[in-house]
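Peer 1: Mind looking over this structure? Questions follow.
Each reported figure results from applying straightforward, stated rules to the coordinates on display, with no laboratory input. Everything numeric in this text was worked out from a predicted model, so none of it was measured. Note that we place each Cβ from the backbone using ideal geometry, even for glycine, and neighbour counts take in every protein chain shown.
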Amino acid sequence: MSNAPSPTGPFSGLTRLDHVGIACRDLDASIEFYRSTYGFEVEHEEVNEEQGVREAMLRINGTDDGGATYLQLLEPTREDSPVAKFLARNGEGVHHLAFGTGDVAASAAGIGERGVRVLDSEPRTGTAGSRIVFLHPKDCGGVLTELVQSAH
Ligand code: MC0
């Protein structure tokens, strides 16, 4: 019997860990920590004005569906953004988990039917043209959870 997780659950369709999002105050300093301490390199950097973040994706490993797993470093670009609020309350640290799916709208609908609040009625734009939806942390054991459909 295989130990692998079901690649497409009956309702969630989640197949992998896409990234762990980490809130930081200084993106460049954080990138340097992960590079000099672990040898992780930045694959992609961008500013997402809608989410109020400057971010860097550090590729950790490939996954068996052809995707990859990343660390996502997040620096807020404005004081009223979710990451700025998180930093003010908690300081730097793990901000969210993101699971990969081939169909983010279907995954969000299936998970929503289980009583979890889906924070985005329509998928928004995430890193590198991905489509993303967030789930409320209070319905996910205290963990802000994101669903990601990558652009390719
Ligand atoms: C807030 N809470 C969290 C949390 N943020 N719990 C765990 N992890 C987090 N990251 C908790 C607070 O401690 C509080 O608990 C309660 O949720 C309400 O928080 P609030 O900040 O006072 O209130 P809201 O409702 O204004 O905001 C919370 C909410 C929001 C999660 C709905 O931050 C949101 O919509 N987040 C999704 C978007 C996001 O985070 N974007 C940034 C990453 P108590 O017990 O005090 O009530 S963008 C990103 O990552 C993109 C670029 C990508 O991956 O591609």
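Peer 1: Helix-only mean residue ellipticity at 222 nm, the chain, DSSP H runs n ≥ 4 weighted -39,500 (n - 2.57), per residue, nearest 500. What is it?
Peer 2: -6000 deg cm²/dmol
Peer 1: Still on this structure, please answer the following. Exposed loop GluC sites (Glu not before Pro) only (DSSP loop, at most 12 other Cβ atoms within 10 Å): please give the longest stretch of the chain free of them, not including the sites.
Peer 2: Here the longest segment lacking exposed loop sites spans 1-40.
Peer 1: Work out how far the C-alpha atoms of the chain reach from end to end along every principal axis, then list the three figures in whole Å, largest first.
Peer 2: Cα extents, longest axis first: 42, 33, 26 Å.
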